[in-house]
Amino acid sequence: MLIPLVLLTSLLAFRALGALGVHRFRTWQASAAHGLAVMLLFTAGAHFVPPSVTVMPNSADMIAMVPPQVPAPEFAVYATGVLELAGAAGLVLPATRRAAGWCLAAFFVLIFPANVHAALNAVPLAGEAATPLVVRVPEQVLYIGVALWAALPSRAARAAERDATAVRS
């Protein structure tokens, strides 16, 4: 449950900054995109942590999560870690936020089988039991939903598009 807490806490912290006048975080949607970026930085780190570190999930834990049908599990773990970092960067840049949101939604769908494999095969993470599917499925839906929300045009962008369309008519 730590990962959704990172997302929620980050989202609320960014939105509080927006309420205090930080323009970048003036909307819930932008704050959620940045919160998801923080969460992704947090989760991506585990992909690169050496197996000798046992206080948090490490690369060996991530490799154990990869279903046996996936070739080159070590490469898959490092590649998905890089994709999470790229997705985080994409979310914080307004010019790439929409594309990043769509790509991350697809990414979260594509990596879900690893979470299913971990839950069904009791793959531990940092010595802790894998998240049960009854918890993991709603978490994954949350991540997909936030990524899709980030991909949607902002209210200001929709208003500008409406205004541009009205002017052309």
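For the range 14-33, the criterion of being crowded, with 17+ Cβ neighbours inside 10 Å, under 21 Å from the mean Cα position of the chain (by Cα) and closer than 21 Å to T80 by Cα is met by at least one residue.
Would you be able to say whether some residue in the range 92-105 is surrounded by 15 or more Cβ atoms within 10 Å (Cβ to Cβ) and farther than 16 Å from W149 by Cα? No, because not a single residue in the range 92-105 is surrounded by 15 or more Cβ atoms within 10 Å (Cβ to Cβ) and farther than 16 Å from W149 by Cα. Within the range 1-39, the set of residues being small (G, A, S) and part of a helix (DSSP H, G or I) comprises S10, A13, A16, G18, A19, A30, S31, A32, A33, G35, A37.
From L11, L36, which residue is touching a Gly at 6+ places or on another chain (Cβ under 6 Å), hydrophobic (A, V, I, L, M, F, W, C) and within 20 Å of G145 (Cβ to Cβ)? On inspection, the qualifying residue turns out to be L11. Once the range 106-126 is narrowed to residues that are assigned to a helix (DSSP H, G or I) and in contact with a Pro (Cβ under 9 Å, 6 or more places away or on another chain), the residue that is surrounded by the fewest Cβ atoms within 10 Å (Cβ to Cβ) is P113. Considering T54, T80, the condition of being within 28 Å of L152 (Cβ to Cβ) and either within 10 Å of the chain's Cα centre (by Cα) or surrounded by fewer than 22 Cβ atoms within 10 Å (Cβ to Cβ) (or both) is satisfied by T80 alone.
Inspection of the range 101-108 identifies at least one residue that is of a type outside the set (V, I, T), more than 17 Å from V6 (Cα to Cα) and in contact with a Ser or Thr (Cβ under 9 Å, 6 or more places away or on another chain). The condition (being part of a loop (DSSP other than H, G, I, E, B) and either acidic (D, E) or surrounded by fewer than 18 Cβ atoms within 10 Å (Cβ to Cβ) (or both)) is satisfied by just one residue among P67, P138: P67.
Since every read-out is calculated from the coordinates, none of them should be taken as a lab result. Being a predicted model, the structure only gives us computed values, none of them experimental. Cβ coordinates were reconstructed from backbone atoms using ideal geometry, including for glycine residues, and neighbour counts include every protein chain displayed.
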